[in-house]
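Please read the structure below before turning to the comments.
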Amino acid sequence: SPSNMTGVPIEVWEELTGMSLVRKQLLIDSGGAGRCRGGMAQVIVMRNDTDGDITLSCLSGRSDFAPRGFLGGKAGSLRRYEINDITVHPKLRHILQPGDLFTIVEPGGGG
């Protein structure tokens, strides 16, 4: 599964998985508003560059309940997964065929 992808260097991920990182960036305005704005979410897009299928086991949280704000701060954004721009269930196994794009949108922090 793509666990802890947010902290893994791109070169290490590509070498270990056979997937290419197409995009990795912070999302503006994804953290909750408040006296101190919540941390920005991150989007990561990967492509299956192998000649075969890749099975992903997604077991994430923060896909139904956003990170809460503190002392009146607003909630951050939700996590979601997409395959070829179609949102998929965050707690199932998914198959990536060669050339498929898998997108992780990490949650933003509460304000």
Exercise. Give me the accessible area per residue for the chain, probe 1.4 Å, as a whole number in Å².
Key: 61
Quiz prompt | the chain, helix-only ellipticity at 222 nm - DSSP H runs n ≥ 4, -39,500 (n - 2.57), divided by all residues, nearest 500 | solution = -2000 deg cm²/dmol
Quiz prompt | Heavy-atom accessible surface of the chain: percent carbon and sulfur, 1.4 Å | solution = 52
Practice problem: Quick one: compute the contact order of segment 16-85, relative version, from alpha carbon pairs under 8 angstrom and 6+ residues apart, as a percent. | Solution: 32
Quiz item: Considering only the other residues whose Cβ falls under 11 Å of the Cβ of Arg62, what net charge follows from Lys and Arg at +1 and Asp and Glu at -1?
Solution: +1
Quiz item: In the neighborhood of Gly108, defined by Cβ-to-Cβ distances under 14 Å, what is the net charge if each Lys or Arg adds +1 and each Asp or Glu adds -1?
Solution: +4
Self-check item: Local net charge near Tyr81, Cβ-Cβ under 11 Å (Lys/Arg +1, Asp/Glu -1)
Solution: +1
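The values are calculated or read from the model by the stated rules, or taken from the named source; none is laboratory data. All of these numbers come straight from a predicted model, not from anything done at the bench. Note that we place each Cβ from the backbone using ideal geometry, even for glycine, and neighbour counts take in every protein chain shown. All accessible areas refer to the heavy atoms of the entire protein, side chains included, with ligands and DNA or RNA removed. Shrake-Rupley method; radii C 1.70, N 1.55, O 1.52, S 1.80 Å.
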